[in-house]
Amino acid sequence: MRKVIADQLRRGLEEALVLAQEQDAFAVHIPEQVDVRAIRVRLNMTQQQFAICFGFSVNTLRHWEQGRRIPEGPTRAYLLVIDREPEAVQKALRIA
């Protein structure tokens, strides 16, 4: 009886470990800080161009660049995508 219980516990722990490893494989990392100005400069855009191109207000962009405000999680993720794949973002947002 003890062996049966021990085997069931072992199998349950092994299954839990596999599930945890699978979840880690799909985990998303959103940085705590994003250098918005560096992204904009790397794309060779003015604040006005960047704001219009990616759907931000110029005032919000200025606040981020001057450190008066910090983009929240989803916005940081969006900025990360802009940084890594700006053409794909522009293509997706382009009016047909």
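If you stretched the chain out fully between residue 60 and residue 32, how much longer would it get, using 0.36 nm times the residue separation minus the C-alpha to C-alpha distance?
Details: separation 28, 0.36 × 28 = 10.08 nm, distance 1.77 nm.
Going from the current span to full extension adds 8.3 nm.
Below 8 Å, C-alpha to C-alpha, sequence gap of six or more: please give me the relative contact order for the chain in percent.
Working: 43 pairs, mean separation 26.3, N = 96.
Relative contact order here is 27 percent.
Between residue 70 and residue 43, what FRET efficiency follows from the Cβ-Cβ distance if R0 is 22 Å, with the result rounded to 0.05?
Efficiency for this residue pair is about 0.60.
Subtract the Cα-Cα distance of residue 92 and residue 17 from 0.36 nm times their separation in residues, and report this length gain in nm to one decimal.
23.2 nm
Using only Cα atoms, tell me the angle between helix 73-84 and the longest principal axis of the chain; keep it within 0 to 90° and round to the nearest 10.
For helix 73-84, the angle is close to 70 degrees.
Rounded to the nearest whole Å², what accessible area per residue is found for the chain with the 1.4 Å probe?
Per residue, the chain has 80 Å² of solvent-accessible surface.
Roughly how many percent of the accessible protein surface of the chain is carbon and sulfur, given a 1.4 Å probe and a whole-percent answer?
Here carbon and sulfur together make up 55 percent of the probe-accessible area.
The values are calculated or read from the model by the stated rules, or taken from the named source; none is laboratory data. Since we're looking at a predicted model, the values are computed, not measured. Virtual Cβ from ideal backbone geometry, glycine too; neighbours counted across all protein chains shown. For accessibility, only protein heavy atoms count, side chains too; no ligands or nucleic acids. Shrake-Rupley method; radii C 1.70, N 1.55, O 1.52, S 1.80 Å.
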